[in-house]
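This report concerns only the one structure given below.
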Amino acid sequence: MINFTLRQLRYFEALARHGHFGRAAEDCSISQPALSVQIRELELALGTELFERAARQVRLSAFGEEFLSRVRDVLRSVDELGDLARAHQRQLQGRLRIGVIPTVAPYLLPAMISDLTRSNAGLDIHIRETVTPKLLQELSEGRLDTAIVALPVSEPGMTETPLFRENFVLVRPPEDEGKPVPNRDTLKEMRLLLLEEGHCFREQALSFCELGSARPREILDGSSLSTLVQMVGAGIGVTLIPEIALAVETRSAEVSIGRFEDPQPSRTIGMIWRKTSPIARQLTEVAEIVRQAARRIGVDCGAAAA
């Protein structure tokens, strides 16, 4: 009989995901030598190598690739067993892993976490901030319980629950205060600052400007909304930001704000989770708490249902 532990499987999955012993060890909260020992013991138990080891990285062997898909199925099933037990508790307790896109996280998280911990005293909240494709992957693999993203995601295995709808606003240099807000055609001729590739908000802004996936000379990239607003304040161009970010990002920047004519560009922010999640009922309750937190910071949650 081949003997290995669930912990070894988790270490193996982390190393396969990171491709680096140091990062995997940090992710698992153990030392790198301890991780190496556990991986080696797992390989000895299986009688074959799981990884090809190079000086600076490791990569899965052919067997390791096949083994990984089975291991992820096992780990997802084990996590769902824990969720099944939590589903029968009156209050949601234990670890709750929430993914959030970067254009929402800094503005919603303080109020959201405060309200969640007040409503569920035994909750241990883990936040993962990254772009939508990564959140979808980690959610489908069972490494997240839920995620807050722009809807729709149109994934057949996911439940989508709208939280709120928000408009996009135009951020311009201060000398543009009082000038007419440009329409889409005029906006195309301006130097437009957008988030870098991978952010869904970038694609939404390009869609509003009817620029598609083109990359004209006038478009400049930034890594965060904060960077974009500061660049506008420095006179480099103009940008669009979601309304939830307005108060925070314009607090320390000399810029002017313009609002587009109706129909204004907008997006719907919502929560998603796996349809098979045993804690789906509790996640619906979490969504309502998050909705209330958004309302408390001035977001119009009633518009999400429109």
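Since every read-out is calculated from the coordinates, none of them should be taken as a lab result. In this text the structure is predicted, and so the values were computed from the model without any measurement. Because the Cβ atoms are built from the backbone with ideal geometry, glycine has one as well, and the counts that use them run over all protein chains shown.
For the reader, a short list of remarks on this structure follows.
- Charge dipole magnitude, Cβ of K and R +1, D and E -1 - segment 166-266, Cα centre, debye nearest 20: 160 debye
- Take 113-120, 55-62, 143-150 and order them by the average number of nearby Cβ atoms within 10 Å per residue, most first; the result is 143-150, 113-120, 55-62.
- For a straight C-alpha distance cut-off of 24 angstrom, the lysines reachable from LYS275 (same-chain residues fewer than eight places away being disregarded) are LYS134.
- Between segment 239-277 and segment 127-170, the C-alpha centres lie 15 angstrom from each other.
- 5 angstrom amide H check on LEU163, placed H, neighbours 5+ away: ILE269, GLY270, MET271
- Tail weight of P(r) past 16 Å, computed on alpha-carbon pairs of segment 208-299, percent: 69 percent
- Listed residue (THR159, SER226, SER29) projecting farthest to the positive dipole end of the chain, Cβ model: SER29
- Assigned charges on the beta-carbon of Lys, Arg, Asp, Glu; segment 78-171 dipole about Cα centre (debye): 240 debye
- Ranking PHE51, ALA253, PRO110 by how far each Cα lies toward the positive end of the dipole of the chain (charges on Cβ) leaves PHE51 at the top.
- Chain lengthening between VAL78 and ARG281 when straightened (0.36 nm per residue, less Cα-Cα): 71.1 nm
- Computed on segment 166-266, with alpha-carbon pairs under 8 angstrom and 6+ residues apart, the relative contact order is 51 percent.
- Restricting attention to the chain, close to 60% of DSSP beta bridges with both partner residues there are antiparallel.
- Dipole magnitude (debye, nearest 20) for segment 139-180, charges at Cβ of Lys, Arg, Asp, Glu: 60 debye
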